[in-house]
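Heads up: the structure comes next, in structure tokens.
The values are calculated or read from the model by the stated rules, or taken from the named source; none is laboratory data. Since the model is a prediction, treat every value here as computed from it, not as a measurement. Here Cβ is always computed from backbone atoms with ideal geometry, including for glycine, and neighbour counts include all displayed protein chains.
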Amino acid sequence: MKNDSVKVCFLGLGYIGLPTAIIAAQSGCEVIGVDINPDIVAKTNAGELHIVEPGLGDLLRQVVASGNLKAATAPQEASAYFVVVPTPFKGNHQPDISFVEAATRSILPLLKEGDLYVIESTSPIGTTELMADLIYTERPELRGKINIAYCPERVLPGNVIYELIHNDRVIGGIDEASTERAKQFYGRFVKGTLHGTNARTAEMCKLTENSSRDVQIAFANELSLICDRAGINVWELIALANKHPRVNILQPGCGVGGHCIAVDPYFITAAFPDEARLIADARSINNYKAEWCAEKVVNTILRFELDNGRKPVVAMMGLAFKPDIDDLRESPAKYIVSRVMQSCNNAEVLVVEPNVESHNVYKLTDYREAYDRADIVVFLTAHTPFKALPWCDDKVILDFCGIFKK
Ligand code: SAJ
């Protein structure tokens, strides 16, 4: 890591912006972290992490104490600006780049010759060129005098510090000088290889990575539906098929959640509806899998009541969108729990999520107590502690995420 100081401004202190700002500060940059939320700014300046990420709290305290990271609600003049704000989609699955645009507009008065401007937010193809047009329209004297690039993040929540430093990065400038300039910056703290390309390819590369995973998960989910009808254990089937040297099938689950894989493919399908058929089908299959799981639970509850003449106790195991995290956003497990709660007043439903202390809608039950009491156990998220629970022949077990596999 180089120690020569450079002043940089990160716009957005969320799940990606904050860790990247911290790592940049640790590499010797003087970092201004900007967020429109004053609570996030206050917490960050107090050295308190507002997200859950192993190991990051200590690093934050170090860079705040050293003075290398300061948070603010408005941007300040710097020599490099990084846009790391959310890009959600609107009701019709059209991407919403209004936060990227607002962040870009906020630095327009500060930009000067020689500056670097980088978008990290997942963005539809053409966003970097669009923002370049915006900058040059408002500040025509800067045309050709600043560097503009797109560099998507690729880190996995839970392993962010390691991946920020060690993952390869794809860096696409609007021209070669911009690519080189951005590569120089990321070279301060990235140990992975920095791959240069153009902005459109870099934008599409990010969308491709997450769409590829979505398509592969959809294949596993489709197999799980077929196997359910065919009376085949899908976990055993996939394990056996994966013994082939060139087959590597992912795992089925109760749907795809989070704010990346369940979102990014729509940035392709919205722009290329005629061509992106497989990508669109994968989205439908993964969305349908959550519906299918909810229906299966509701039907199992009805059958139990018919067979036993009483309401069952049902344990819904897991609310997070993937194993061993506390993140419940866009979680198919949470969706299934709400569907079952709405449809079934003929059951006592116990909701379990060992990674969070409390929930504003559901009263949470300890996972062991819920498992002991339940007539019907529904595994939604493959949290590690669930795997130590004993198999019980006298319970109906709906294992949507492969806790017991055999
Ligand atoms: N899932 C399955 N079966 C699997 C793997 C995952 O059903 O075999 C489900 C998970 O349960 C979860 C969803 O997919 O609901 C997404 O989880 P994930 O672990 O696949 O991905 P994310 O959303 O945590 O992070 C992804 C990563 N992208 C890829 O692996 C291509 C990460 O590298 C990106 O940085 C991140 O999206 C992002 O920010 O875009």
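One line per residue, one yes/no per condition, for (1) within 23 Å of the chain's Cα centre (by Cα); (2) more than 28 Å from L250 (Cβ to Cβ):
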| site | (1), (2) |
| --- | --- |
| M341 | no, yes |
| N346 | no, yes |
| R373 | no, yes |
| I376 | no, no |
| L380 | yes, no |
| P390 | no, no |
| D399 | no, no |
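Among what's in the stretch 111-133 and is closer than 13 Å to L11 by Cα and without any contact (Cβ under 8 Å) to a residue 40 or more places away in the chain, pick the residue that is surrounded by the fewest Cβ atoms within 10 Å (Cβ to Cβ). That would be Y117.
Taking the criterion of being under 30 Å from F404 (Cα atoms), more than 13 Å from the ligand (Cβ to nearest atom) and in contact (Cβ under 8 Å) with a residue 24 or more places away in the chain, the only residue of the stretch 240-281 that qualifies is D281.
Here V215 fulfils each of the conditions (1) more than 22 Å from H259 (Cα to Cα); (2) within 12 Å of the ligand (Cβ to nearest atom); (3) surrounded by 15 or more Cβ atoms within 10 Å (Cβ to Cβ) apart from (1). Please enumerate the residues belonging to the stretch 156-210 that are β-branched (V, I, T), within 16 Å of the ligand (Cβ to nearest atom) and in contact with a Phe, Trp or Tyr (Cβ under 9 Å, 6 or more places away or on another chain). Hits for the stretch 156-210 are V160, I165, V170, I171. In the stretch 270-288, the count of residues that are closer than 18 Å to T381 by Cα and of a type in the set (A, V, I, L, M, F, W, C) is zero.
Residues in the stretch 134-158 that are assigned to a loop (DSSP other than H, G, I, E, B) and either in contact (Cβ under 8 Å) with a residue 12 or more places away in the chain or of a type in the set (D, E, K, R) (or both): R139, R143, K145, I146, C151, P152, E153, R154, V155, P157, G158.
Screening S66 on (1) of a type in the set (S, T, N, Q); (2) modelled with pLDDT of 95 or more; (3) farther than 17 Å from A21 by Cβ shows it passes everything except condition (3). Looking only at the stretch 224-238, which residues are within 15 Å of the ligand (Cβ to nearest atom) and either surrounded by 19 or more Cβ atoms within 10 Å (Cβ to Cβ) or touching a residue at least 60 places away in the same chain (Cβ under 8 Å) (or both)? Hits for the stretch 224-238 are S224, L225, V234, W235, I238. Taken as a whole, the structure places K311 among residues that are within 29 Å of P385 (Cα to Cα), assigned to a loop (DSSP other than H, G, I, E, B) and more than 12 Å from the ligand (Cβ to nearest atom). Considered as a group, the residues in the stretch 349-397 that are within 16 Å of the ligand (Cβ to nearest atom) and touching a residue at least 40 places away in the same chain (Cβ under 8 Å) include one that is surrounded by the most Cβ atoms within 10 Å (Cβ to Cβ), and that residue is L380. Checked against (1) under 21 Å from R181 (Cα atoms); (2) at pLDDT below 95, Y15 meets all criteria but (1). Does L130 meet the test of being more than 18 Å from V34 (Cβ to Cβ), modelled with pLDDT of 95 or more and of a type in the set (A, V, I, L, M)? Yes. For the criterion of being among the charged types (D, E, K, R) and more than 21 Å from the chain's Cα centre (by Cα), E369 passes.
Among residues of the stretch 336-348 being surrounded by fewer than 21 Cβ atoms within 10 Å (Cβ to Cβ) and in contact (Cβ under 8 Å) with a residue 24 or more places away in the chain, the one that is farthest from F321 (Cα to Cα) is N346.
Within the set T73, T104, T87, the sole residue that is touching a strand residue (DSSP E or B) at 6+ places or on another chain (Cβ under 8 Å), surrounded by fewer than 14 Cβ atoms within 10 Å (Cβ to Cβ) and polar (S, T, N, Q) turns out to be T73. Residues considered: F89, F10. Of these, the only one that is at pLDDT below 95 and either under 30 Å from V263 (Cα atoms) or in contact with a Cys (Cβ under 6 Å, 6 or more places away or on another chain) (or both) is F89. Would you check if K289 is farther than 23 Å from P54 by Cβ and touching a Cys at 6+ places or on another chain (Cβ under 9 Å)? Yes, satisfied.
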